[in-house]
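**Q** Before I ask anything, let me first share the structure, which is written out below as structure tokens.
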Amino acid sequence: MLAERGLLAEYSKSWKRIRNRCRPRRSLGGTLFVNSAMTDSFRTERLAPSMGVRITGLDLNQANADLVGELRELLNEHSVVAVSNQDLEEEPLHEFGLLWGETLSHPSSVARTNPHVQVLASKDGAKGRGLGAWHSDMSWHPTPPWITMLHARTIPSFGGDTGYSNQRLALEMLDLATRDKRRSHRRELPSQDDIENLRANHTGKGFGEHVPDSVHPVIRTHNETDKQALYVNPEFTTHIVDVKNDESNRILWPLWIHSISEEFVYRHQWLAGDLVIWDNRSVMHTAILDYEEPRWMTRVVIKGDTPH
Ligand SMILES: O=C(O)CCC(=O)C(=O)O
Ligand SMILES: [Fe+2]
């Protein structure tokens, strides 16, 4: 009982620290106003304790490098940035992407006129039912996209959310969770020390035999903020390299259960016109395939560095 109380106190201390860190720098009536080079002000509101801001009052068809600089700061701090009420055709979406860096094509869109703009569409609802899987985009790539931007053109009246899980928080809470032996799913959880220098193989073979695998660190360091985050995911990570298969499974499965704990998750309920930008170095995400009406999204991803 005493041990439980100690653990609870530690949990609440950690959460206070995390909440303070996530607090907006300047706040006005619960929302943050940031001066923009393009508009007098755009408005941001926090989306969830774990991550995310929503921005209103912007037209990304008019975006420039200064604005992208401001959005980038918000992204580094909040990991997910949802911009409301946008209307970007494919080419303007690509142009907006190019303000962030080099865009990557995806093996599933090589046949498109512009393979750097991917279309995720379910016209008759057939593709809307299924099971999604948590992942960080294209983690099988040698330089996986540091950000993804996904634009909701048509959304179902019901369902079709996207789940995001903050992998910085997941790592930060790992050692605390390993001490919570009351919960059977935490008994086998490795500590941060156990996984510190491990590397894992990621595969994109689901998109074609020609797609090469990549090996990346299990804990990656953000190249702008220096913050560490877990970087293994159940969709593309196949195994930890240089250990036996059993040992690899023993490490990965408990980590995956931990890494999608509700406390780290934000579920984005799309509004038509949303353009959501997320930081693949800090979050995993999953499509939630529970809808039966048309859903049409366009997507651009920006090439990142080699994870380290
Ligand atoms: O359709 C979604 O909700 C997310 C799909 C996805 O994984 C992505 O765009 O990277
Ligand atoms: Fe994805």
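Values quoted throughout were computed directly from the atomic coordinates according to the rules given, and no laboratory measurement underlies them. Just so it is clear, the model here is predicted, and its values are computed rather than measured. FYI the Cβ positions are ideal-geometry reconstructions off the backbone, even for glycines, and counts take in every protein chain you see.
**Q** Enumerate by residue number the GluC sites (Glu not before Pro) in region 63-96 meeting two conditions: DSSP loop (anything except H, G, I, E, B), and at most 16 other Cβ atoms within 10 Å of the site's Cβ. Walk me through the numbers on the way to the answer.
**A** On the way: sites: Glu70, Glu73, Glu77, Glu89, Glu90, Glu95; in loops: Glu89.
Here the GluC sites (Glu not before Pro) that fit, given the DSSP loop and packing criteria, are Glu89.
**Q** Something else about it: Hey, got the dipole for the chain? About the Cα centre, +1 on K and R Cβ, -1 on D and E Cβ, debye to the nearest 20?
**A** Numbers: 36 positive and 41 negative charges, 224 e Å.
So the magnitude is around 1080 debye.
**Q** Something else about it: Calculate for the chain the 222 nm mean residue ellipticity that helices alone would give, adding -39,500 (n - 2.57) per DSSP H run of length 4 or more and normalising by residue count, nearest 500 deg cm²/dmol.
**A** Values: 7 runs with 74 residues, N = 308.
Rounded to the nearest 500, the figure is -7000 deg cm²/dmol.
**Q** How high is the relative contact order of the chain? Use alpha-carbon pairs under 8 Å, at least six apart in sequence, and give a whole percent.
**A** Details: 639 pairs, mean separation 92.0, N = 308.
Relative contact order for the chain comes out at 30 percent.
**Q** Next question. Would you work out which of Leu75, Gly101, His135 lies farthest towards the positive end of the dipole of region 64-147? Charges go on Cβ: Lys and Arg +1, Asp and Glu -1.
**A** The listed residue farthest towards the positive side: His135.
**Q** Along the positive direction of the dipole of the chain (beta-carbon charges: Lys, Arg +1; Asp, Glu -1; about the Cα centre), which of Phe158, Ala272, Ala177 reaches farthest?
**A** So the residue furthest toward the plus end is Ala177.
**Q** With the crude spin-label approximation of a point 7 Å out along Cα→Cβ, what separation in nm comes out for Arg199 versus Leu131?
**A** Those two pseudo-labels are separated by 3.1 nm.
**Q** In terms of the Cα gyration tensor, with a ≥ b ≥ c the square roots of its eigenvalues, is region 94-174 rounded because a/c is under 1.5, prolate because a/b exceeds b/c, or oblate? Mind dumping the intermediate values first?
**A** Numbers: a/c = 1.78, a/b = 1.07, b/c = 1.67.
In terms of gyration-tensor shape, oblate.
**Q** How big is the charge dipole of region 230-292 about its Cα centre, in debye rounded to the nearest 20, if each Lys and Arg gets +1 on its Cβ and each Asp and Glu gets -1 on its Cβ? Write down the numbers at each step before the final one.
**A** Values: 4 positive and 10 negative charges, 36 e Å.
So the magnitude is around 180 debye.
**Q** Quick check on region 141-198: take the gyration tensor over C-alpha atoms, sort the square-rooted eigenvalues as a ≥ b ≥ c, and tell me if it's rounded (a/c under 1.5), prolate or oblate.
**A** Details: a/c = 3.88, a/b = 1.71, b/c = 2.26.
Judged from the Cα gyration tensor, region 141-198 comes out oblate (a/c at least 1.5, b/c at or above a/b).
**Q** Could you tell me which chymotrypsin sites (Phe, Trp or Tyr not before Pro) in region 143-239 are loop residues by DSSP with no more than 14 other beta carbons within 10 angstrom of their beta carbon? All intermediate terms of the calculation are to be shown ahead of the outcome.
**A** On the way: sites: Trp146, Phe158, Tyr164, Phe207, Tyr231, Phe236; in loops: Trp146, Phe158, Tyr231, Phe236.
Those that pass, being in a loop and sparsely packed, are Phe158.
**Q** Quick one: net charge around Asn61, please, counting Lys, Arg +1 and Asp, Glu -1 for every other residue with C-beta under 10 Å from its C-beta. Present the calculation step by step, with values, prior to reporting the outcome.
**A** Values: positive: none; negative: Asp59, Asp87, Glu89, Glu95.
Residues close to Asn61 contribute a combined charge of -4.
**Q** What shape does region 161-275 take by its C-alpha gyration tensor, where a ≥ b ≥ c are the square roots of the eigenvalues and a/c under 1.5 counts as rounded, a/b above b/c as prolate, and the rest as oblate?
**A** Working: a/c = 1.59, a/b = 1.07, b/c = 1.48.
The shape class here is oblate.
**Q** Ignoring the sites themselves, what is the longest stretch of the chain with no trypsin sites (Lys or Arg not before Pro) in a DSSP loop and at most 12 other beta-carbon atoms within 10 Å?
**A** The reported range is 27-122.
**Q** Ok, one more. Across 10 Å bins from 0, what is the distribution of all Cα-Cα pair distances for region 249-300, in whole percents?
**A** It works out to 16, 45, 29, 10, 0, in whole percents.
**Q** Here's another thing I want to ask about it. Full extension from Ser108 to Glu263: what is 0.36 nm times the residue separation minus their Cα-Cα distance, to one decimal in nm?
**A** Numbers: separation 155, 0.36 × 155 = 55.80 nm, distance 3.30 nm.
So the extension gain works out to 52.5 nm.
**Q** I would also like to ask the following. With only Lys, Arg, Asp and Glu charged, each at its Cβ (+1 for the first two, -1 for the last two), find how big the charge dipole of region 139-269 is about the Cα centre; round to the nearest 20 debye. Can you show the working numbers first?
**A** Working: 15 positive and 18 negative charges, 68 e Å.
So the dipole magnitude of region 139-269 works out to roughly 320 debye.
**Q** Which of the aspartates and glutamates could be linked to Lys181 by a straight reach, that is with a Cα gap under 15 Å, when you skip same-chain ones fewer than 8 residues away?
**A** In chain and number order, the partners are Glu4, Glu10.
**Q** Taking the Cα atoms of the chain, what is the range of coordinates along each of the three principal axes, in descending order and whole Å?
**A** Reported extents, whole Å, longest axis first: 56, 53, 37.
**Q** Among the DSSP beta bridges whose two residues both lie in the chain, what percent are antiparallel, rounded to the nearest 5? Show your work: numbers first, answer last.
**A** Working: 53 of 56 bridges.
So the antiparallel bridges in the chain amount to around 95 percent.
**Q** Let's test the formula: R0 of 41 Å, r as the Cβ-Cβ distance of Lys181 and Glu77. What FRET efficiency results, to the nearest 0.05? Provide the component values of the computation, followed by the final result.
**A** Details: r = 34 Å, r/R0 = 0.83.
E between Lys181 and Glu77, to the nearest 0.05, is 0.75.
**Q** Once you have the Cα-Cα distance between Asn245 and His94, take 0.36 nm times their residue separation minus that, and quote the gain in nm to one decimal. Please report the intermediate quantities before stating the final value.
**A** Working: separation 151, 0.36 × 151 = 54.36 nm, distance 4.12 nm.
Going from the current span to full extension adds 50.2 nm.
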